[in-house]
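Where a number appears in this text, it was derived from the coordinates with a stated rule and is not lab data. Given the structure is predicted, the values throughout are model-derived calculations rather than measurements. Every residue, glycine as well, gets a Cβ built from its backbone with ideal geometry; the counts of neighbours run over all protein chains shown.
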């Protein structure tokens, strides 16, 4: 198990992590778990047992700590992206579903509202894609997955990012 | 008020409802009540006053009877046709929505199954999705069809064949 501290890279720093290196992957993990707005290249990972890491903690430069093994690094490279992509696709499908149903139901509600023979019933009161998906637990997918990742990488926030 | 008997039109009958006629309207009303969304002229209608029609004898073959007055005919043209169309659009939207979500659910479940460390994550229930959207379809079609059934005093005839 190797522990790393992750901090923001200085804008003018010439140091970059080698492609495929553990540090590069750690920065990708940190970007994901921190919801860091910039690219992972703007982050830098340092082994926690080095003097520079101790100095970063003292200066409160470190954003988070992450622990990795060969196995969890492989998991990140092979599985996490797939699952994250699937979650993103699911959210997109859900957003699309909500949009098309909202539109169609809005038109039907309006037709009921404007009619003389059908007034008094609002179809959208009985048809809610939000409620159905919530019941299936799909709203928690992202949260549950993030929790699993936090545990796997023993992720700890050391300093909140500035808004 | 005119009462119509509505029959299943045989594909090779060569008969169609006259466009814009009350017979066509009666057939469309039967189609809405059946909730099956069959193509135009799937049903064909005849007024009971038609000398060719003997109510008691043909009732055995008819699928529905429909009553139309001038007032309810006007309601059909001015309101209900558009409403039926919008209810169908909701059904189509439900189909599109459930199809997209269904595919995304399968992709997510597959991604979990194929992983080495995330098999414990709960997979999404396709059955629950089916149940939810099936309920929506029933709900969206039910209100319109029930009201149409009431306004046009639609009777459905069940035929039991030995």
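Taking the highest mean first, how do the peptides A:145-156, B:99-110, B:13-24 order by number of other beta carbon atoms within 10 angstrom per residue?
Details: A:145-156: 16.6, B:99-110: 18.5, B:13-24: 13.2.
Top to bottom by mean Cβ count within 10 Å: B:99-110, A:145-156, B:13-24.
Between the Cα long axis of helix B:22-34 and the first principal axis of chain B there is an angle of about 30°, rounded to the nearest 10. Computed per residue of chain A from DSSP H runs no shorter than four, each worth -39500 (n - 2.57), the mean residue ellipticity at 222 nm is -15500 deg cm²/dmol.
Using the Cβ-Cβ distance between residue B:126 and residue A:110 with R0 set to 56 Å, the FRET efficiency works out to roughly 0.95. FRET efficiency for the pair residue A:102 and residue A:139, taken as 1/(1 + (r/R0)^6) with r the Cβ-Cβ distance and R0 = 22 Å, rounds to 0.80.
Relative to the longest principal axis of the Cα atoms of chain A, helix A:81-114 runs at roughly 20 degrees.
Throw me the Rg/Rh for chain B, computed over C-alpha atoms with Kirkwood Rh, two decimals. Can you show the working numbers first?
On the way: Rg = 21.6 Å, Rh = 18.4 Å.
In chain B, Rg relative to Rh is 1.17.
The Cα trace of chain A gives Rg and Dmax of 23.0, 79 Å, the first to one decimal, the second as a whole number.
What does the helix-only formula give at 222 nm for chain B: each DSSP H stretch with n ≥ 4 adding -39500 (n - 2.57), the total divided by the residues, and the result rounded to the nearest 500 deg cm²/dmol? Could the numbers behind the result be given before it?
Values: 5 runs with 83 residues, N = 162.
So the calculated ellipticity at 222 nm is -17000 deg cm²/dmol.
Rounded to the nearest Å, what's the spacing between the alpha carbon centres of region B:59-91 and region A:1-62? Just the number, please. Cα centroid of region B:59-91 versus Cα centroid of region A:1-62: 68 Å apart.
Multiplying the residue separation of residue A:58 and residue A:159 by 0.36 nm and subtracting their alpha-carbon distance yields 35.2 nm. For chain B, the longest principal axis of the alpha carbon atoms and the long axis of helix B:126-151 meet at an angle near 20°. Based on Cα atoms of the protein assembly as shown, Rg over Rh with Rh as the Kirkwood radius reads 1.26. Between residue A:77 and residue B:81, the FRET efficiency from the beta-carbon distance, with R0 = 56 Å, is close to 0.45.
Extents of region A:79-148, largest first, come to 56, 18, 11 Å (Cα atoms, principal axes, whole angstrom).
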